[in-house]
Amino acid sequence: MQELSIKRFLIAGGCLFLVAFTLTPFLWMIVVSLTTEPDFLVTGNFTASIRNYKNILTIDSLHFIDYLRNSLIVSSLTALTVTTITSFAAYAVSRFRFPGRIIIPLFVLAISMFPQISIVGYLFRMFSAVGLTNTYGALVLPYTAWTAPIALWINMSYFSQIPKDLDKAALVDGAKRIKVLMKIILPLALPGVFSSFLLVFIMSFNEFLFALMLTIDYTAQTIPVGIALFQGIHGEIPWGNLMAASAVSSVPLVAITLLFQRYIVSGLMSGSVKA
């Protein structure tokens, strides 16, 4: 009995520590974003205000809305592109027998292991030559190549669990391969497809190096770069504006995570019950 109590205490203590460790930076960000003096711990003067939120939404020179819009557009385009491409690729690898069927996914995964810093210079020169610098395409293309491997492996793992007898039955009934994929396989693999979509969206939304090196101004720069470039009148760091911008920009990620997680969990539980 005493051993069980100690075990429960350790589990509860570990959970509380993880929750505090995870939420403390977020709560500190909210507190700083709501104060007019970020050094309130030193001065002892804390005044709550939403002025910082008004600043990022109304001061045109900050271009916060432009940065946020660019991030949402680039992340959405990348997630849709990667999800579509990897769904077809995962179906082909999991269903067809052809030379290199195993080597191709491993090769794609190996390519993704190259550090971003080692290729960003070549990407800049290439995009500059074709006039793609400071455009959405300059980010969507490398983001697609960067996130496709993990999305491919997630979709492959889900597609491989779907019995091939379903394909054979549909083909016998006269269905084409594309119809089998769209009408049978994808609906059954929706948890995996949405998982890959969510992961790609978050990775693209948070990416910094490509966005910094391949874009020039607020017409194409994303929110991580925009926040990093926030600067006060005399070069000081506007911590209040930075924290307010970080809090607002985290809302889409939190919202989409909660939305898709709920669907993914329900889809997995439904599939387990049917099985």
TODO: May I ask you to compute the full-extension gain from residue 27 to residue 10, defined as 0.36 nm times their residue separation minus their alpha-carbon distance, rounded to one decimal in nm?
DONE: 3.6 nm
Task: Highest average packing first - 4-12, 206-214, Cβ atoms within 10 Å - done: 206-214, 4-12
Open item on the list: If each residue of separation counts as 0.36 nm, what is the full-extension length gain between residue 2 and residue 80 once their alpha-carbon separation is subtracted?
Closed with: 22.8 nm
Open item on the list: If R₀ is 35 angstrom, what is the calculated FRET efficiency for the pair residue 106 and residue 37, using the beta carbon separation as r and rounding to 0.05?
Closed with: 0.05
Open item on the list: Can you give me the long-range amide H partners of residue 35? Hydrogens built in the peptide plane at 1.01 Å from N, cutoff under 5 Å, separation of 5 or more residues or another chain.
Closed with: 49
- [ ] Could you point to the residue in 104, 9, 209 farthest towards the positive end of the chain's charge dipole, with +1 and -1 charges on the Cβ of Lys/Arg and Asp/Glu respectively?
- [x] 104
Task: (1) 38; (2) 14; (3) 23, with the label sought being that of the calculated percent of Cα pairs over 34 Å apart - done: (1)
TODO: Starting from the amide H of residue 218, placed 1.01 Å from N in the peptide plane, find each other amide H under 5 Å away whose residue is 5 or more places distant or on another chain.
DONE: none
Open item on the list: Could you give the length gained by full extension between residue 122 and residue 18, i.e. 0.36 nm per residue of separation minus their alpha carbon distance, to one decimal place?
Closed with: 33.4 nm
TODO: Send over the Kirkwood Rh of the stretch 139-209, from the inverse of the averaged 1/r over different Cα pairs, rounded to one decimal Å.
DONE: 13.5 Å
Task: Long-range amide H partners of residue 161 with built H, under 5 Å - done: none
Task: Kirkwood hydrodynamic radius of the stretch 181-250, Cα pairs, Å - done: 14.7 Å
- [ ] Report the label-to-label distance for residue 59 and residue 130 in nanometres (one decimal), using points 7 Å from each Cα along the Cα→Cβ vector.
- [x] 3.8 nm
Open item on the list: Number of Lys pairs in the chain with C-alpha atoms less than 30 angstrom apart, excluding same-chain neighbours closer than eight positions?
Closed with: 11
Task: Nearest-0.05 FRET efficiency for residue 217 and residue 165, computed from C-beta distance (R0 51 Å) - done: 0.40
- [ ] Treating only the Cβ atoms of Lys and Arg (+1) and Asp and Glu (-1) as charged, compute the dipole magnitude of the chain about its Cα centre; round to the nearest 20 debye.
- [x] 1340 debye
Task: Note, ³J(HN,Hα) from phi for the stretch 76-89, Karplus 6.51, -1.76, 1.60, rounded to Hz, x at Gly and Pro - done: 5, 4, 5, 5, 5, 5, 5, 4, 5, 5, 6, 5, 5, 5
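Read-outs throughout are calculated quantities, based only on the coordinates presented, and are distinct from any laboratory measurement. Just so it is clear, the structure is predicted and the values come from calculations on it, not from any experiment. Counting neighbours? That spans all protein chains shown, and the Cβs are built from the backbone with ideal geometry, glycine included.
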